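**Q** Encoded as structure tokens, here's the structure I'll be asking about.
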Amino acid sequence: MIANEAELRALMTAGLNGDAAAHRALLDRLSRHLRAYYKNKLARIGRSADEAEDLVQDTLMAIHTRRHTYDPGELFTPWAHAIARYKLIDHLRHTKASMTDVPIEDAADFEAQDDHAGAESALDLNRLLARLPEKMRRAIRHVKIDGLSVAETAARCGMSESAVKVSVHRGLKAMAAAIAQGRTT
Amino acid sequence: MKTDDLINMLSTNVEPVDRGQLRRSLGLAVALGAGGALVAALLTLGVRPDLHEPGALAFLGLKLAFSAGVVLMASLLLTRLARPGGERRTRPVLALLPFAAIVLLAGLSLAYAPSTHWEAMIVGDMWLECLVSIPIIAIVPFAVIVWTVRRLAAPTDLARTGAFAGLAAGGVSAMGYALHCMDDSLPFIALWYGGTIILCTVAGALLGPRLLRW
């Protein structure tokens, strides 16, 4: 169905097992596919391509925070495509666009890549972080941005390791929700 | 925010993912909802007083079998719909099986009964109570299921997912109500149990797009 299905699926499976390098490679590849997909779709219905990067980031965030919904027994591309399509339709519906029907048989569009180095969205990471409760914000800063280990962060914040993990997890979910909300208001 | 920075952030210190979590949590949500419905029905309505009679017990079993069948089908389909693209891999007609079975049985029992009995068999004594109780008892299970789906799942067809959440909630609610209900006829079960459960399903479909967005 799609040339790099096997490759993406292998990266996804490794990422689910905790392989950070594979997860990074997966998100990086997906971001190119998503960028091409959204630019193409938005252009086709006469919308500005500026919105594309917001959608790319919203979708990457959703793919990351909901990656446990991927069933390794199933194909990966349709899973990722379903999320991309859902985010696009949600975006169009909530920005009061003329609801053009987004055809469902277009997983092949996903093959296209758009390599736009340093692409930037209108979202502000610091502002997103500022909206989180103190505990989550510190956990995400240390673990996800500064790259400290969970153990180091736990020692520094005076929290247990599992509390750090939970804070990171919940914080990312809250950020994903804020991105999805902010995109449409 | 640069997309590269976001990717950096997301792929720093990646934790392994628990893959059974979604299925387990949905199962737990339905079970909790069933427990809640049972308690609600027992506290507000109470168990029917004639349970020692074999006829009553048989009909209770039948009502429970029908509702449990509905819950089982709804839960199975809901677990599929909870994953992105799941709507393309589900057959919603499966959910109709318990309904088809009860309608068939109801039709047979009407066919073998004199037509003068039909009205009593269909309308029963407590149709209004049934019509009101099942949707009300379904509210708590529906909330528990919707909360779990919102938190953990990633449905891409929100109306359909909402519908099956409503169907599951209606089913567990009917299981609770069955403990109290004394209307023992197949057409009554088909019409009033089936009908109110479908009502819950329609309500779920209407609420889904609003409640399940992610």
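**Q** Quick one: grab the alpha carbon gyration tensor of the range B:1-118, order the square roots of its eigenvalues as a ≥ b ≥ c, and give me rounded if a/c is under 1.5, else prolate or oblate depending on whether a/b is larger than b/c.
**A** Here the range B:1-118 falls in the prolate category.
**Q** Let me know the mean shielding of A:130-142 by other chains, meaning the per-residue number of their Cβ atoms within 10 Å of its Cβ.
**A** On the way: counts 0, 0, 0, 0, 0, 0, 0, 0, 0, 0, 2, 1, 1.
Shielding by partners across A:130-142 averages 0.
**Q** A further question on this structure: Per-residue Cβ counts within 10 Å, from other chains only, averaged over B:77-88: what number is that?
**A** 4
**Q** Then there is this: For chain A, what class follows from the C-alpha gyration tensor (a ≥ b ≥ c being the square roots of its eigenvalues): rounded when a/c is under 1.5, otherwise prolate if a/b is larger than b/c, else oblate?
**A** Taking the square roots of the gyration eigenvalues as a ≥ b ≥ c, chain A is oblate.
**Q** Now for a separate question. Which whole-angstrom value gives the distance between the alpha carbon centres of the range A:1-61 and the range B:1-47?
**A** 25 Å
**Q** Given the -39500 (n - 2.57) contribution per DSSP H run of 4+ residues, what per-residue ellipticity at 222 nm results for chain B, rounded to the nearest 500 deg cm²/dmol?
**A** Theoretical 222 nm ellipticity from helices: -22500 deg cm²/dmol.
**Q** Starting with the highest mean, order B:103-110, B:154-161 by the number of other Cβ atoms within 10 Å, averaged over the residues of each peptide.
**A** Highest-to-lowest ranking by the protection proxy: B:154-161, B:103-110.
**Q** Sticking with this one: State log₁₀ I(q)/I(0) for the range B:49-113 at q = 0.29 Å⁻¹ as given by the Debye formula over alpha-carbon point scatterers of equal weight, solvent excluded.
**A** The computed values of log10 I(q)/I(0) come out as -1.14.
**Q** Residue by residue through A:14-21, how many Cβ atoms from other chains fall within 10 Å of the Cβ on average?
**A** 4
**Q** For the range A:123-185, what relative contact order do you get, as a whole percent, if you take Cα pairs closer than 8 Å and at least 6 residues apart?
**A** Working: 45 pairs, mean separation 23.3, N = 63.
So the answer I get is 37 percent.
**Q** Go through B:135-143, B:34-42, A:46-54 and give me the packing order, highest mean Cβ count within 10 Å leading.
**A** My ranking of the peptides, most packed first, is B:135-143, B:34-42, A:46-54.
**Q** From the Cα gyration tensor of the range B:43-211, with a ≥ b ≥ c the square roots of its eigenvalues, which class applies: rounded if a/c is under 1.5, or else prolate if a/b is larger than b/c, or else oblate?
**A** It comes out prolate by the Cα gyration axes.
**Q** Another question about this same structure. Largest first, please: the extent of the C-alpha atoms of the protein assembly as shown along each principal axis, to the nearest Å.
**A** That gives 79, 52, 37 Å along the principal axes, largest extent first.
**Q** Residue farthest toward the positive end of the dipole of chain B, with Cβ of Lys/Arg at +1 and Asp/Glu at -1: which of B:Gly86, B:Ala58, B:Gly124?
**A** B:Gly86
**Q** Taking the Cα centre of the protein assembly as shown as origin and charging only Cβ (+1 Lys, Arg; -1 Asp, Glu), how large is the dipole, in debye to the nearest 20?
**A** Values: 43 positive and 38 negative charges, 181 e Å.
It comes to approximately 860 debye.
We did not get these values from a lab; they are worked out from the coordinates using the rules stated. What you see is a predicted model; the values in this text were computed from it and never measured. Positions of Cβ are backbone-derived with ideal geometry, glycine not excepted, and every protein chain shown enters the neighbour counts.
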